[in-house]
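Remarks on the structure that follows.
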2 protein chains.
Amino acid sequence: MNLDALFSLNCGMYIISSGYNGKYNGMIINALVQVTAFPNQIIASVNKESLTLEYIKKSGLYNISVLDKDAPLQLIGLFGFQTGKKIDKFSKSQFILGKNKIPIVTDHTVSYVETKVVSKLDAGTHVLFLSEVLESEFLTKEEPMTYNYYRDVKGGKVPRTAATFHPEEADKAEIERHRCTVCGYIYDSRYGDPDSGIDCGVLFKDLPEDWVCPICGAGKDKFVKI
Amino acid sequence: MNLDALFSLNCGMYIISSGYNGKYNGMIINALVQVTAFPNQIIASVNKESLTLEYIKKSGLYNISVLDKDAPLQLIGLFGFQTGKKIDKFSKSQFILGKNKIPIVTDHTVSYVETKVVSKLDAGTHVLFLSEVLESEFLTKEEPMTYNYYRDVKGGKVPRTAATFHPEEADKAEIERHRCTVCGYIYDSRYGDPDSGIDCGVLFKDLPEDWVCPICGAGKDKFVKI
């Protein structure tokens with residue numbers, strides 16, 4: 001058994017968003033795929049602990065933003081590593097409202113899909129929402145980010161709630177890492193912080209004193225070695 | 001509404017295989033994604049008209065071969081455009097038996113996943129099978145083929161049973177095409193037949209007289225203009 005082989009199953013990087021009663025939330029997901037063409041239907045796997053799931057259950061609606069290759073870790077961090085139970089993610093990002101009145105994040109978004117849920121399946125830690133496509137449009141001509149690109153090139157940490165989190169992978173990365181005590185972001189010296197101009201291989205102690213957490217903006221003093 | 005935007009939802013190219021009572025079948029699918037990590041579960045969308053679906057329903061087991069970028073149209077044609085109701089696909093391809101006694105195609109296979117079905121969801125034309133990963137291994141270090149690579153670079157025709165078949169896409173391609181009356185393969189002069197050394201732009205009438213259908217081997221005389 002080599003769980004790394006599961007990384008050869010291709011997937012993308014998306015923000016799934018929903019809302020209910022004037023409140024909005026969204027989160028990063030990668031477990032999403034089109035499953036039928038007549039009609040066009042997609043399925044999305046949403047963690048049971050997420051606020052987004054609560055809104056999808058109540059409204060029966062969700063939208064998808066397909067992130068582009070240049071989407072910064074800050075955006076991925078906001079929607080992937082923070083919970084809407086504590087902050088209003090949509091106050092910190094660009095969005096439009098779809099025809100279904102559900103928000104669509106437009107920051108670094110190649111295209112979007114508006115959907116309405118038609119049925120669901122319990123998958124243990126996640127619920128799978130089968131939904132019909134109501135609308136789909138391109139916003140830019142950029143290339144979509146794949147999950148493997150995010151993992152390999154952007155050096156992103158995989159949130160524990162992600163469908164593709166592999167404990168083995170996390171174990172391998174337990175070297176020279178520092179965690180932000182504010183938002184949980186992990187600085188891994190092997191990857192650096194390319195979005196802030198920090199090359200791979202730069203040790204935490206050698207980061208500039210004015211370097212801040214690329215996700216929440218906390219200073220170096222808010223980091224602990226792990 | 002621009003249905004092409006649905007192509008920005010990333011997916012791969014897989015052969016899903018199953019078997020029952022000593023009989024095997026398999027088919028190309030692209031609608032497959034990992035949906036949970038505790039335990040590792042995947043979901044696959046399988047057309048209701050397929051023999052593979054019958055075997056999955058009876059055995060509760062299926063395996064996945066992740067195709068590499070160089071997988072030839074012949075292999076994709078065998079598993080994607082022909083039905084196991086008429087031919088024995090496994091007599092024409094390399095395979096091994098998994099620990100679950102279900103075959104795994106090994107031709108141009110980067111990695112494979114063995115699974116057992118835990119639940120299913122009706123999606124109209126397709127059934128979605130949620131299954132737990134029993135085994136996963138790499139066979140080579142080649143790069144997996146994505147569906148968009150297959151579509152753009154290999155110039156493959158999308159079978160009508162595929163989850164991502166878009167009528168608009170097919171309409172755009174209705175120029176200078178010839179269909180094999182034996183297997184249904186379509187020669188499109190805009191794409192040529194790279195696996196047989198035929199460049200893009202070669203008209204059907206200019207193909208060598210000994211050129212044969214890359215999928216079933218039928219001669220030029222078995223083709224009709226469409």
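For this structure, a couple of remarks:
- What the Cβ-Cβ distance of A:GLU209 and B:THR106 gives, at R0 = 41 Å and to the nearest 0.05, is a FRET efficiency of 0.15.
- By the count of other C-beta atoms within 10 Å, a proxy for reagent exposure, A:ASP206, B:ASP193 are ordered fewest to most as A:ASP206, B:ASP193.
- Under the Karplus curve 6.51 cos²θ - 1.76 cosθ + 1.60, θ = phi - 60°, whole-Hz ³J(HN,Hα) for region A:189-199, x wherever Gly or Pro sits: 4, 5, 9, x, 9, x, 5, 10, x, 9, 5
- When shorter helices are ignored and each DSSP H run of at least 4 residues is given -39500 (n - 2.57), the per-residue value for chain A at 222 nm works out to -3500 deg cm²/dmol.
- Qualifying trypsin sites (Lys or Arg not before Pro) for region A:180-226 [loop in DSSP, other Cβ within 10 Å: at most 13]: A:ARG190
- Candidates B:SER93, B:SER65, B:SER189, ranked by Gaussian network fluctuation over chain B, Cα under 10 Å, top entry: B:SER93
- Local electrostatic count at A:GLN74 - Lys and Arg +1, Asp and Glu -1, tallied over other residues with Cβ under 11 Å: -2
- Average beta carbon contacts from partner chains per residue of B:211-217, 10 Å cutoff: 0
- Euclidean distance of C-alpha centroids, region A:94-116 and region B:27-63, integer Å: 30 Å
- Remark on B:ALA218: its backbone amide H falls under 5 Å from those of B:CYS213, a criterion applied only to residues 5 or more positions apart or on other chains, H modelled at 1.01 Å from N.
- Residue by residue, region B:98-107 carries 3J(HN,Hα) couplings of x, 4, 8, 6, 9, x, 10, 5, 10, 4 Hz when phi is fed to the Karplus relation 6.51 cos²θ - 1.76 cosθ + 1.60 (θ = phi - 60°); x denotes Gly or Pro.
- Region B:3-138 shape via C-alpha gyration tensor axes, a/c threshold 1.5: rounded
- Directionally averaged projected area (convex hull, Cα atoms, the protein assembly as shown), nm²: 21.6 nm²
- Of the GluC sites (Glu not before Pro) found in region A:171-226, those in coil by DSSP whose Cβ has at most 11 other Cβ atoms within 10 Å are A:GLU174, A:GLU209.
- For region A:87-158, trypsin sites (Lys or Arg not before Pro) are listed when DSSP marks them as loop and at most 16 other Cβ atoms sit within 10 Å of their Cβ; the list is A:LYS99, A:LYS101, A:LYS141.
- Other protein chain Cβ atoms within 10 Å, averaged over every residue that makes up B:98-106: 0
- Placing a label point 7 Å from Cα along the Cα-to-Cβ axis, B:GLY22 is separated from the same position in the other copies by 7.0 nm, shortest listed first.
Here, each number is a calculation from the coordinates, and none is a lab measurement. This structure is a prediction, so every number in the text was calculated from the model and none was measured. A quick note on method: Cβ atoms are made from the backbone with ideal geometry, for glycine too, and the neighbour counts reach across all protein chains shown.
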